[in-house]
Structures are given as structure tokens and as C-alpha cells.
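Only one structure is covered here, and it is reproduced in the block below.
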Amino acid sequence: MSPFCERLSEQLCVVATIDPQAGGSAAHTSDAFSMSLHRRALFILSTGAGSAGNTVAIQEGTINWSAGTATILSAAATAVAAANSQFLFEVSGEAMSAGRTELRAIVTSVGADLISMVVLADVGRFSPESDRDLASVVSIQAAN
């Protein structure tokens, strides 16, 4: 079990999304967010009918992305080979290169597919990260 899954009872923030949409043979980029506020991030991709063959790249970069980007999880290693499925990609802050603090996902779709992504990050390191929560969730429910 990953360290992220062991801490699901702690506070999580929605830090990035790709809204549900028809892919249409294009690249879809999530919001970029700063890992300087978090220890770990979990990218959750959902695919619908026709989604076999998509690829995912998790990229790291600088605040303004002007220094270029580096792929921290390569598209070749994260080919989405099945439709109507969920895929989880976990990144720890320690895995990122020196000087890179930002993360984002790029899902490259092929044909008439359906995709959506939510990115969760764990509790903040130094300050209240809830000010940067991008959640547009209609309903959140919990049983304690």
C-alpha cells in the first residue's frame, strides 16, 4: 500500500483538475500547482468509452514554466491501455528535481474518448493550503 493511501483519513485538498470532457484527439492539461505546500500528490484519471491508447505525462516545472518542463512520469510508462477504468499516479515532493516546484498532468487523447482527472494533495507543510483548494465538487460526504 502506498504511503498516500495510508493517510486518507487526514485532510486532502483538490489542487488540480481536468473537467470531464470528450477527448477529441488532443492534449488536455490540468491546472498547475505548487508542491512546495505538499508532501505527496495523487493524480486520479477516469476514462470512458473509446479511451484505450491515451497517454499521461506528469510534468514538473518552475513557477512560470519559462525554464521548460521535465516529465517526472513518462508517457511511455503511463499509457492508458483500457477504457472505462481509473488510473492512479502518485508523486512525492522528494522525487522532484532541484529547482522544480510545480506539477501538472497532460493527458493526450486519441479519438472520441471521455476523460476526467482530479488531483489530490496531502496536508500542507507550512501554511494553510486550503486557500488554494480548486474543488468545484458538488457534494462531499464522509462517514466518521
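If you scan segment 54-101, which residues turn out to be at pLDDT 70 or above, in a loop (DSSP other than H, G, I, E, B) and on the phi < 0 side of the Ramachandran plot? Within segment 54-101, T62, I63, N64, A82, A83, S85, M96, S97, A98, R100, T101 qualify.
Can you pull out every residue in segment 102-111 that is touching a Gly at 6+ places or on another chain (Cβ under 6 Å) and either under 14 Å from I44 (Cα atoms) or at pLDDT 85 or above (or both)? Within segment 102-111, just E102 meets the criteria. Only residues that are hydrophobic (A, V, I, L, M, F, W, C), modelled with pLDDT under 60 and not in a loop (DSSP other than H, G, I, E, B) were counted across segment 112-129, and they come to 0. On the stretch given as segment 33-53, residues that are closer than 17 Å to D19 by Cα and either in a strand (DSSP E or B) or without any contact (Cβ under 8 Å) to a residue 24 or more places away in the chain (or both) total 7.
The values are calculated or read from the model by the stated rules, or taken from the named source; none is laboratory data. Just so it is clear, the model here is predicted, and its values are computed rather than measured. Cβ: placed from backbone, ideal geometry, glycine included. Neighbour counts: every protein chain shown.
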